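Presented below is the structure to which this report refers.
Nothing in this text is a laboratory measurement; each read-out follows from the coordinates by a stated rule. Please read all numbers here as calculations on a predicted model, not as lab measurements. Here Cβ is always computed from backbone atoms with ideal geometry, including for glycine, and neighbour counts include all displayed protein chains.
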Ligand SMILES: [Zn+2]
């Protein structure tokens, strides 16, 4: 089966940092890692919840010091994503996670953006950047960072909200989202991953987001499921991530097939692929196997990723045409 053409809408660029690259960048920057070798690092990739992952995620980021480091990480992702069938990506970067380590906004943004500027030319993948804010840090700090991003004309299309969800509700970030909206930015937020379903409602009603990252806890509230279906709010679902962080008991019990069947705008994404066991194609592969999804269902998921993206109308049409061509040959392969 040829790779399913799709868009990736829920991807943290720092979560694409593979163990090999961590060691390479550590050597380049003269940083001593607390792991003797790759095996010892890989052994830490057993998570019990979101926080246990975040602890390792932030520790590993310490090897990112220069623009070249951010650029190399971004290039490695795009190469792998292109092979996975990704034709358009809207990736998140966490500026605060670097600022707290003394790495400037310019270093992290310019490093990533320099590669995104040539992503279509070099990898055939159109791209856009979303600045995500850490909800477990203060809203005031987030507002200051957004102001700095706007002042430096950072090439971002929108803002997001990520990190430890429980106890850090969307309602804390209303002024930040108002500021971003006034600047003409698109709005997305993680909600309903580990946190309760009413965080999804808050993100919609108070932050006025265009899209929800995760959103699987909507299953706890039938009225909310109905609303998400009626308004076709895109939910960027990350199956392997949900399994690895134990946000679901098992892949077999994942709500994605039900949400798809109920007509919600759900897409498949890899979140932090270096940590959760795979890229978009790996996520599609386990879904297909587990739920016996047919080509039309796979194309529906990929189509949702394209229509749920912020790509220009012509780019969406181009990708939907590619998807249609993919679906046509499925019966003949
Ligand atoms: Zn995420």
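Residues of segment 120-137 with backbone nitrogen within less than 15 Å of a virtual label 7 Å along the Cα-to-Cβ line of residue 172, please, listed as ranges. Zone members listed by number: 133-137. Between the C-alpha center of segment 1-62 and that of segment 180-228 there is a gap of 27 Å.
Taking 0.36 nm per residue of sequence separation and removing the Cα-Cα distance, the residue 317/residue 253 pair yields an extension gain of 19.7 nm.
Using the Cα gyration tensor of segment 268-318, with a ≥ b ≥ c the square roots of its eigenvalues, what is the shape: rounded (a/c below 1.5), prolate (a/b larger than b/c) or oblate (neither)?
Since a/c reaches 1.5 but b/c is at least a/b, the shape of segment 268-318 is classed as oblate.
Our summary gives segment 65-112 a relative contact order of 68 percent, counting only alpha carbon pairs under 8 angstrom and 6 or more residues apart.
Label sites at residue 3 and residue 325, each approximated as a point 7 angstrom past Cα along Cα to Cβ, lie 1.5 nm apart. Note on the chain: with a GNM built from Cα contacts shorter than 10 Å, the maximum mean-square fluctuation among 209, 286, 188 falls on 286. Post the alpha-carbon centroid distance, segment 237-281 to segment 114-138, in whole angstrom. Comparing the Cα centres of segment 237-281 and segment 114-138, I get a distance of 21 Å. Give me the percent of DSSP beta bridges within the chain that run antiparallel, rounded to the nearest 5. That works out to approximately 0 percent antiparallel. Looking at the square roots a ≥ b ≥ c of the eigenvalues of the Cα gyration tensor of segment 48-173, which shape do they give, rounded for a/c under 1.5, prolate if a/b is larger than b/c, or oblate? Since a/c reaches 1.5 and a/b is larger than b/c, the shape of segment 48-173 is classed as prolate.
Dividing the summed helix terms, -39500 (n - 2.57) for each DSSP H run of n ≥ 4, by the number of residues in the chain produces a 222 nm estimate of -14500 deg cm²/dmol to the nearest 500. If you take the alpha carbon atoms of segment 6-332 and fit the smallest convex hull around them, that volume is 130 Å³ per residue.
In the chain, Cα pairs under 8 Å separated by at least six residues give a relative contact order of 21 percent. Between residue 292 and residue 183, the simple label model (points 7 Å from Cα in the Cβ direction) yields a spacing of 5.0 nm.
Name the most mobile residue of 195, 30, 85, meaning the one with the largest mean-square fluctuation, in a Gaussian network model of the chain with Cα contacts below 10 Å. In the Gaussian network model the winner is 30. Considering only 302, 43, 285, give the residue with the highest GNM mean-square fluctuation for the chain, with springs between Cα atoms whenever their separation is below 10 Å. Judging by the Gaussian network model, the answer is 43.
I need to check one value: relative contact order of segment 63-159, counting alpha carbon pairs closer than 8 Å and at least 6 residues apart, in percent. Display every interim value, and only then the final one.
On the way: 111 pairs, mean separation 32.8, N = 97.
For segment 63-159, the relative contact order is 34 percent.
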